[in-house]
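Novice: This is the structure I want to talk about, given as structure tokens.
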């Protein structure tokens, strides 16, 4: 029982005793002393009651904060113990799931329908310490702390926000209007008129499903033991991460692919600037300036840059006349190296003569990510019992549903014709 409740009950008892004593016309000396003692205790309890309330209020706040995060923390602890090996054996041999793996699967099945065994996205996180010899996972590999999901993903480095969606359509209202201010020109004049507060809904729909297939031989199932889950997780992580990165930026919007940021720049309203010149800091600086003049970025170090390795090679080899400073050095002096992502997967290869490619600049404005990536439910892992039945192998198909949208077009800019030849 709380101390404040105990004190409040005692105060009620004291009031009843004092009321009974005060009703006597001629109390004796003992009753007078008793009333004085009760009065002293009552006043002391008032101070104790206030102190108890203050202490309990702090405890309530701390408990409330703990309750707010407890469910997420408990789920993370469950997923951290999720074993891909159990899933593989369940699909291959029909072995029952057990422990935390079974709990996670039951939770996911309750949230949505799956043909196979649902695998949470967080379970695809790569874990350090895996050892691979001759293409077969080492049974002695360890399982230390899990890293965050797709830590080397190009989309993550460019500020894309991964959002988990249970089911159905999801949209975010993004402010697209600008509030204007105006000074009162005369003593009796009016200030600037009201501006409409407008928002645009950015919707994502579960229309795009990514699928990967994995083939696990019978020997690997029997020889690798518990380390098999590290190999499955690593391969699934790499395949999904690579496919998502390519789709987020280069997705055609057809043939089952979501509409990528670069491929759909015109649809999203993203500014596309034709450089038509060699890759230099001046070419990228112009795009950074447009971010800053449009109030999308406050400084160059708030801008993320996505380029191909050929751009780095060109700029690093281009020295400023009569100096040992390259164009790449000039860029690093303004845009931190951690803000620059180089990829040959998320950007198309250079083409034309002279050879040129595309680059992308993004920035987070007002805490809003430039790109939203929706991931529906969990990865649906399905077994194919027929394709490899003769060899006793296990073929798995992993299905993941995802979509892409842009928050505000002013937070992105595409540069085309960046020459690297």
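Each value in this text was obtained by applying a stated rule to the coordinates, not by laboratory testing. It should be emphasised that the depicted structure is a prediction, and the values quoted were computed from it without experimental measurement. All Cβ positions, even for glycine, are placed from backbone atoms using ideal geometry, and neighbour counts span all protein chains on display.
Novice: Would you mind classifying the range 302-421 by shape? Square roots of the alpha carbon gyration tensor eigenvalues, ordered a ≥ b ≥ c; an a/c under 1.5 is rounded, otherwise it is prolate if a/b is larger than b/c and oblate if not. Could the numbers behind the result be given before it?
Specialist: Values: a/c = 3.01, a/b = 1.80, b/c = 1.68.
It comes out prolate by the Cα gyration axes.
Novice: Related question: Evaluate the distance, in nm, between pseudo-label points positioned 7 Å from the Cα of residue 390 and of residue 57 along their respective Cα→Cβ axes.
Specialist: With each label point 7 Å from Cα toward Cβ, the separation is 7.8 nm.
Novice: How do 4, 12, 241 rank when sorted from fewest to most other Cβ atoms within 10 Å of their own Cβ?
Specialist: 12, 4, 241
Novice: Calculate the FRET efficiency for residue 107 and residue 213 from the Cβ-Cβ distance with a Förster distance of 25 Å, rounded to the nearest 0.05.
Specialist: 0.45
Novice: What does the extension gain come out to for residue 289 and residue 267, with contour length at 0.36 nm per residue minus their alpha carbon separation?
Specialist: Taking 0.36 nm per residue and subtracting the Cα distance, the gain is 5.6 nm.
Novice: When 312, 376 are ordered from fewest to most other Cβ atoms inside 10 Å of their Cβ, what list results?
Specialist: The most exposed by this proxy come first: 312, 376.
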